[in-house]
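**Student:** I am attaching a structure below and will ask some questions about it afterwards.
Values quoted throughout were computed directly from the atomic coordinates according to the rules given, and no laboratory measurement underlies them. Computed from a prediction, not measured in an experiment: that's the story for all the values here. Note that each Cβ is placed from the backbone with ideal geometry, even for glycine, and that neighbours are counted across all protein chains shown.
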Amino acid sequence: MSAVVPIIETRDLNVRFGGVHATRDVNFTLAENELRCVIGPNGAGKSTFFKLLTGQVKPTSGQILFRGKDISKMQPHDPGRLGIGIKTQVPSLFNGLSVWENVWLSARRVNSTAQADRITRETLERVGMHAYRDVTAGLLAHGMRQWVEIGVVIAADPPLILLDEPAAGMSDAEVARTAELILEINRQHALVVVEHDMNFIRMIARKVTVLHQGAVIKEDTPDRIMSDPLIQQIYLGKKPH
Amino acid sequence: MNRFAKSWTSAALSLAIGLALLVGLPGVLDDYTLIEVTIYAVMSILGVSLAFIWGFGGILCFGQAAFFGLGAYVYAIAVMNMGDSTVPFLLAIVVPALFAALLGYVIFYGRLSDVYMGVITLTVTLILFNLINSTAGPEWRIGSAALGGFNGIPAIPTLNLPGLPDEVLTPKDLFYVTFSCLLLVYLGLRVLISSKIGRVIIAAKENEQRVLLLGYDARAYKLFSFTVGGAIAGLAGCLFANWGAFTSPTIFGLAQSAQIIIWVIVGGLGTLVGPIVGCVAIQWLTSQIGTQQTLNSNLVLGAILVVFVLLVPRGIVPSIGDLIDKAWRRLRGSKSSEATP
């Protein structure tokens, strides 16, 4: 097993913003094609962790290895080129461009125009947004935006996908559909999903990493995580549902 | 971005109108008016250069006049030394482009914020103004071209047929050349905007962080659009020097820089045709105001800017586009009751 290089690995990762220790000695490993959920209360350092993996925040110390290559000192656009796709927590479509153009820009970076056209069509069909291809992204409803954002990420076909709260603000039906979509994406891509919604996590996760005050405090199956008294106390406020 | 501005129908319409004017105007206008239209076209090219980098690239450059002035001076100095205008014409595009590339490199790769972008571009323009302004003495000359300081450079040789220095263009020829340049610049930018590069440039204006996360180096795309803008402004400067056979430091002045921004705001940010409309309207208005003594032209320009910012914030062309859009939908709606999603 030791010969298998993980798709992403962090070693003793630390970030300090002034006096705030946002990430503490995080050692995180994800295998190719694995799906991992990351949970933690507000301010646990989940978004900072994602920003580290995508080069938006530079670590104070420690290493981030993508398929064995240190990416912690790269330019902000390099992780995207290497094959790390991210859907950020804050909606970040190009509001003035159409749904089609948003996805096409992602596909076109690595493909010819003809291929990008085909991939864009297929991706929009996959996320169920093809009927809205000509709609300006800024006019979409919230759930639809999330799906287009997922489409933007998968159109570039990155081996590693990071999704920050993909089901936030969705209706129950939309959450179920998003879970289905994520499981389908996981057949070809490794995924890290940050989420708050425990029901959603039960639908998709096999393994969960718990962050608290910037540090990893536990990694286990969803059921064991949710029955752990310490986690109930810090994360669920002693009231698991 | 505005749908009206994006559609190829509007681009084809604009080009058709442009071609009709190119062919038709010399037949119907007297020489004086034709020369007047030529300067409108020159300034429109300058307006389009800012319309591209600001409206599509999101780069608010206060120093577009620097590239414009540089184009004029490079052409003047080169043509006075070389005689034949072919190489000077090209230099007047290449030198401002290189200058823009250098300036843009410092700004974008140094990750300076938008405020500093404005400050730096404005400062560079004013430095050039002061520099050229203080070159009045006879010792300030490059080859056979005296820089002339605040007096400017008079009697600049006009463009000639490539390789034939004696075949100098007439004012009518200059109209054809200038107007064709405007149409080519418009067409070129249209094609660029709808290409991959253009879409990334627009996307970087909308959300630079997202562009980076997709794996595009936003700095390179911004630098590219800034350089293209510099090249186009340089071309306009060269044509300006040809139009009056004269150039002076005032083209580097604050008033010139501010005027370009007003054209874009009045015509419509985010379109290419808008700033042409804005430029022609304001230039025409300025020359009309110049014929009377009661009102100061700068005062009127200022008032127009305030009115537009407050009442027509999107500018002339997008507002008209919206009206046409609405009318078209109403027309279609009355023909068929089916609603489109």
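**Student:** ³J(HN,Hα) across segment B:173-183 via Karplus (A = 6.51, B = -1.76, C = 1.60, θ = phi - 60°), whole Hz, x for Gly/Pro?
**Tutor:** For segment B:173-183, the Karplus curve yields 4, 5, 4, 4, 4, 5, 5, 5, 4, 4, 5 Hz.
**Student:** Within 10 Å of each Cβ in peptide A:72-81, how many partner chain Cβ atoms are there on average? Round it to a whole number, please. Display every interim value, and only then the final one.
**Tutor:** Working: counts 0, 0, 0, 3, 10, 10, 3, 3, 8, 4.
Mean partner-chain Cβ count within 10 Å for A:72-81: 4.
**Student:** Work out how much length B:THR158 to B:LEU311 would gain on full extension: take 0.36 nm times their residue separation and subtract the Cα-Cα distance, in nm to one decimal. Intermediate results must be reported in sequence, preceding the final value.
**Tutor:** Working: separation 153, 0.36 × 153 = 55.08 nm, distance 4.28 nm.
Net length gain for the segment: 50.8 nm.
**Student:** Another one. Roughly how tilted is helix B:254-267, in degrees to the nearest 10 and between 0 and 90, from the longest Cα axis of chain B?
**Tutor:** Between the helix axis and the principal axis of chain B, the angle is about 20 degrees.
**Student:** Moving on to the next point. Relative to the longest principal Cα axis of chain B, at what angle does helix B:196-206 sit, 0 to 90 degrees, rounded to 10?
**Tutor:** 80 degrees
**Student:** At a threshold of 8 angstrom on Cα-Cα distance, excluding pairs fewer than six apart, so keeping six or more, what relative contact order does segment B:49-147 reach in percent? Please report the intermediate quantities before stating the final value.
**Tutor:** Working: 78 pairs, mean separation 34.0, N = 99.
Reported as a whole number, the value is 34 percent.
**Student:** While we're looking at this one, here's another question. With label points built 7 Å along Cα→Cβ from the Cα atoms of B:TRP284 and B:LEU254, find their separation and express it in nm.
**Tutor:** It is 3.0 nm.
**Student:** GNM, chain B, Cα, under 10 Å: largest mean-square fluctuation among B:LEU161, B:LEU60, B:LEU187?
**Tutor:** Looking only at B:LEU161, B:LEU60, B:LEU187, the largest GNM fluctuation is found for B:LEU161.
**Student:** Calculate how steeply helix B:218-244 sits against the longest principal axis of the alpha-carbon atoms of chain B, using the helix alpha-carbon long axis, and give the answer as 0 to 90 degrees to the nearest 10.
**Tutor:** Here the helix axis deviates by roughly 50 degrees.
**Student:** Using only DSSP helix segments of four residues or longer, with each worth -39500 (n - 2.57), what per-residue ellipticity at 222 nm results for chain A after dividing by its residue count and rounding to 500?
**Tutor:** Values: 9 runs with 84 residues, N = 241.
Estimated from H runs of four or more residues: -10000 deg cm²/dmol.
**Student:** Roughly how many nanometres apart are two label points built 7 Å out from the Cα toward the Cβ at B:ASP31 and A:THR60?
**Tutor:** 7.8 nm
**Student:** Tally the DSSP beta bridges in segment A:8-234 and give the antiparallel ones as a percent, rounded to 5. Kindly include the intermediate steps, with their values, before the conclusion.
**Tutor:** Values: 20 of 37 bridges.
The antiparallel proportion sits near 55 percent.
**Student:** Now, a different point. What whole number of Å gives the distance from the Cα centroid of segment A:177-236 to the Cα centroid of segment B:212-281?
**Tutor:** 52 Å
**Student:** Also: Mind listing the long-range amide H neighbours of A:VAL193? Cut-off is under 5 Å, sequence gap 5 or more, other chains count too, H placed in the peptide plane at 1.01 Å from N.
**Tutor:** A:ARG36, A:CYS37, A:VAL38, A:LEU163
**Student:** Placing +1 on the Cβ of each Lys and Arg and -1 on the Cβ of each Asp and Glu in the protein assembly as shown, which of A:ILE201, A:LEU183, B:LEU311 has its Cα farthest towards the positive end of the resulting dipole?
**Tutor:** Toward the positive end, the furthest listed residue is A:ILE201.
**Student:** Let's test the formula: R0 of 41 Å, r as the Cβ-Cβ distance of B:GLN292 and B:ALA327. What FRET efficiency results, to the nearest 0.05? Walk me through the intermediate numbers first.
**Tutor:** Values: r = 37 Å, r/R0 = 0.91.
Once rounded, the FRET efficiency stands at 0.65.
**Student:** Same structure again: Could you work out the mean count of beta carbons from other protein chains within 10 Å of each residue's beta carbon in B:200-206? Walk me through the numbers on the way to the answer.
**Tutor:** Values: counts 4, 0, 5, 8, 1, 2, 9.
For peptide B:200-206, the averaged partner shielding equals 4.
**Student:** Within 10 Å of each Cβ in peptide A:90-102, how many partner chain Cβ atoms are there on average? Round it to a whole number, please.
**Tutor:** 5
**Student:** Give, as a single signed number, the net charge of other residues whose beta carbon lies under 15 Å from the beta carbon of A:PRO222, with Lys and Arg counted +1 and Asp and Glu -1. Don't skip to the end; give the middle numbers.
**Tutor:** Working: positive: A:ARG36, A:ARG202, A:ARG206, A:LYS207, A:LYS218, A:ARG224; negative: A:GLU34, A:GLU195, A:ASP197, A:GLU219, A:ASP220, A:ASP223, A:ASP228.
Summing Lys and Arg as +1 and Asp and Glu as -1 gives -1.
**Student:** Here's something else I'd like to know. What Kirkwood radius, in Å to one decimal, follows from the Cα pairs of segment A:48-89? List each step's numbers first, then the result.
**Tutor:** Numbers: mean 1/r = 0.0966 Å⁻¹.
So the Kirkwood estimate lands at 10.3 Å.
**Student:** Now a separate question. How far is the Cα center of segment A:86-102 from the Cα center of segment B:54-96, in Å?
**Tutor:** First find each Cα centre; the distance between them is then 37 Å.
**Student:** Can I ask one more? Looking at chain B, which longest stretch skips every one of the GluC sites (Glu not before Pro) that is in a DSSP loop with at most 14 other Cβ atoms within 10 Å, leaving the sites themselves out? Intermediate values should be presented prior to the final figure.
**Tutor:** Working: sites that count: B:GLU139, B:GLU338.
In short, B:140-337.
**Student:** Any of A:LYS58/B:LYS196; A:LYS46/A:LYS87; A:LYS87/B:LYS222; A:LYS51/A:LYS73; A:LYS46/A:LYS207; A:LYS58/B:LYS222 with alpha carbons more than 20 Å apart? Name them for me. Can you show the working numbers first?
**Tutor:** Values: A:LYS58/B:LYS196 30 Å; A:LYS46/A:LYS87 13 Å; A:LYS87/B:LYS222 24 Å; A:LYS51/A:LYS73 13 Å; A:LYS46/A:LYS207 16 Å; A:LYS58/B:LYS222 24 Å.
From A:LYS58/B:LYS196; A:LYS46/A:LYS87; A:LYS87/B:LYS222; A:LYS51/A:LYS73; A:LYS46/A:LYS207; A:LYS58/B:LYS222, over 20 Å: A:LYS58/B:LYS196; A:LYS87/B:LYS222; A:LYS58/B:LYS222.
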